[in-house]
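Everything below concerns the one structure shown next.
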Amino acid sequence: MNSYDQADIFGEETVGQRGNKYIPLSVRMRPKHLSDVVGQRNIIGQNCLLPKIIKSASFSSIILYGPPGCGKTTLAEVIANETDSKFVKINAVLSNVAELRDVLLNARKFGRVVLFIDEIHRFNKSQQDLLLYDVENGNISLIGATTHNPGFYVISPLLSRSHLFKLEPLSVEEISSVLAKAVHDADVGLGACKCLVDRSVMDSIAYMANGDLRWALNALETLVLSVPCGSVVGDRELKCFAQERVLRYDANEDDHYDTISAYIKSMRGCDPDAAIYWLAKMINSGEDPRFIARRLVIFASEDVGLADSRALPLATACFEACEKIGMPECQLNLAHTTVFMATAPKSNSTYMALNRATKSIVSHGAQEVPVWLRDAHGAANKKAGNAKDYLYSHEFAKNISGQKYMLTQEKFYFPKQVGSESSIVERMEELEKLRKELNAGKD
C-alpha cells in the first residue's frame, strides 16, 4: 500500500512532490481504512454486506460500478489494506494479454493478493476469460472498477462469481467536508501552504464537481498552488478557475443515456422545467442536437400521439432545423419543441396498438390476407378471384361498407379520452354503430 510522510510530499518550494514524481492531492488524501471513507453509506454503512466481507476477508471477486471520482479505487485500496493483502493494480486500457498472464502468474506466488483492474470494461472477452481460472481457484481476490453497466461489459461467468456494488456520486456536503480537511492537513494535504480558503469557495467547488471527489480535490489543489503561500483564496480566484469548468458528460457512456432518459421521462411526466433543465445539460455538454431531435420525433408519436397530432410535424421541423441550421441557433428550436412536448396532452394508444398487434402475430402467427382484399392487378390475380367481392367504401353512405378487413377480427386500438383523441372516441363509437346497422341489414 502507498504511504506518505511529510518529507515525501512537501519540499521547500513544491507541494505534492515525492522525489521527482508529482503525487496529486486526490491520491495523497485517499483514506487507508474503511471508517475514513466518505459517502457510499448504501454499501459501507451499518449492516451492509461489504464491511462484513472485508471483516471476514472471504471474497473471491468484487465489481465496483459507479461514476468517475466516487471512490472505486479508494475502496479497492482500503479493502487490500483492511485484509492485509498485497495490492496489485493494472489499468485495462494499458494492459494486454501477455502482461495480464504475467501478473496472474506472479500473483499465484503470494498468499493473499488483491488484483485491482481499473476500467475492467475495456478488457475484451478473451482477457476477461483469463481471469476466471485464478478467481475460481482463489489465487487472487479480484476487484474490478468500471463506469459502465457491468451487465453490458463484463462476461456472465465473471459476473456470476462476483459481488456487484454500485457506488453513487458524492453529495456536495460530503465533498465539501473532504476539501476542508485537505486545506488544513499538513501531512498529505495542503496545510503546508498556509492558505485560507473561503468556505463558500469550497462549497462552490463541491457543487461544480457533480459528485466527483477526485475532480474537486484536483481543482482545490490547482487554486491553492496558483497563489503564493499564506494567501486567501476567494471568489475572484474561483471565478477565473470556473471559466475552465467542463460538465461530466461522456458520449456513449452511462451519463449520456441517463440524461436523455431523464429528459424523456420529464416530458412524459408533463414537467417542462425539468425537461428544459436536462436539455440545457445536454446542450452545454456538447451533445449532438440531432440526437436530441431524433428522440423528440420518436416522443411525438410514442407519447403525445393522437392526443395532439401537431406534435409530429413540429418535431420533424425541429429535426430539420437542427440539420440545416445547427448550433448554437437550433437550441432555440429544441427548447420550443421540448416545452410543447412537455405540456401537450399525452396518449400512447397508437404505440400500444402496435404492440398488441405484434404480440398477436408472434403468439398466433400472421393471418392470411382475405381474398376480397388482395391485389387484383394482373390476369393471374383476377383469375384467382382477388378483390372480386371487395366493397368500395366511397360507394356507400357515410363511406362505410360494413365489410370485414381481417379473417379473424381482433381489437388492438383503444382510443383515450384525452386531448384531440377524445373526438376519435366519438368517431369510433359512431363507426361501430354504423357497422352494426349495415351487418344487421345483411342478415
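The values are calculated or read from the model by the stated rules, or taken from the named source; none is laboratory data. Since the model is a prediction, treat every value here as computed from it, not as a measurement. Cβ coordinates were reconstructed from backbone atoms using ideal geometry, including for glycine residues, and neighbour counts include every protein chain displayed.
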*Residue list for segment 359-410, filter: part of a loop (DSSP other than H, G, I, E, B), of a type in the set (A, V, I, L, M) and exposed (fewer than 11 other Cβ atoms within 10 Å of the Cβ)*: Ala366
*Name the one entry in Lys181, Lys194 that is more than 15 Å from Leu225 (Cα to Cα), outside the structural domain of Tyr133 (by TED's automatic domain parsing) and among the basic types (Lys, Arg).*
Lys181
*Return yes when Val339 is modelled with pLDDT of 95 or more and in a helix (DSSP H, G or I) and no when it is not.*
yes
_Subset tally (residues that are crowded, with 16+ Cβ neighbours inside 10 Å and out of contact with any helix residue (DSSP H, G or I) (no Cβ under 9 Å at 6 or more places or on another chain)) for segment 93-130_ = 2
*Name the residue, out of Arg248, Arg214, Arg268, that is at pLDDT below 90, buried (at least 16 other Cβ atoms within 10 Å of the Cβ) and within 25 Å of the chain's Cα centre (by Cα).*
Arg248
_Members of segment 157-174 found to be free of Cβ contacts under 8 Å to residues at least 60 places away in the same chain and out of contact with any Phe, Trp or Tyr (no Cβ under 6 Å at 6 or more places or on another chain), listed by number_ = Pro157, Ser160, Glu173
*Any residue in segment 190-211 that is farther than 28 Å from Arg41 by Cβ, part of a helix (DSSP H, G or I), in contact (Cβ under 8 Å) with a residue 40 or more places away in the chain and of a type outside the set (Asp, Glu)?*
yes
*Would you mind stating whether Ala107 is touching a residue at least 60 places away in the same chain (Cβ under 8 Å) and not hydroxyl-bearing (Ser, Thr, Tyr)?*
no
*Single residue of segment 6-60 satisfying the filter (among the charged types (D, E, K, R) and under 34 Å from the mean Cα position of the chain (by Cα)) that is modelled with the lowest pLDDT*: Lys55
*Kindly establish whether Ser60 is under 22 Å from Asn139 (Cβ atoms) and out of contact with any helix residue (DSSP H, G or I) (no Cβ under 7 Å at 6 or more places or on another chain).*
no
*In segment 50-78, what residues are in a helix (DSSP H, G or I) and closer than 22 Å to Ile120 by Cα?*
Leu50, Ile53, Ile54, Lys72, Thr73, Thr74, Leu75, Ala76, Glu77, Val78
*Could you tell me which numbered condition Glu168 fails, if it satisfies all but one of (1) closer than 25 Å to Gln40 by Cβ; (2) buried (at least 16 other Cβ atoms within 10 Å of the Cβ)?*
(2)
*Taking into account only those residues within segment 171-196 that are hydroxyl-bearing (Ser, Thr, Tyr) and over 20 Å from the mean Cα position of the chain (by Cα), which is surrounded by the most Cβ atoms within 10 Å (Cβ to Cβ)?*
Ser176
_Which listed residue is under 30 Å from Thr146 (Cα atoms) and either in the same structural domain as Met428 (by TED's automatic domain parsing) or assigned to a helix (DSSP H, G or I) (or both), from Ala315, Ala280_ = Ala280
*helices (runs of 4 or more DSSP H) enclosed by segment 79-167 - at least 3 residues per element that are of a type in the set (Asp, Glu)*: 125-136
*Does Val103 satisfy the condition of being under 30 Å from Leu190 (Cβ atoms) and of a type in the set (Val, Ile, Thr)?*
no
*Say whether the condition of being farther than 30 Å from Phe340 by Cα, among the hydroxyl-bearing types (Ser, Thr, Tyr) and touching a residue at least 24 places away in the same chain (Cβ under 8 Å) is met by at least one residue in segment 374-392.*
no
*Please find, within segment 226-242, the residue that is surrounded by the most Cβ atoms within 10 Å (Cβ to Cβ) out of those that are hydrophobic (A, V, I, L, M, F, W, C) and more than 35 Å from the chain's Cα centre (by Cα).*
Val233
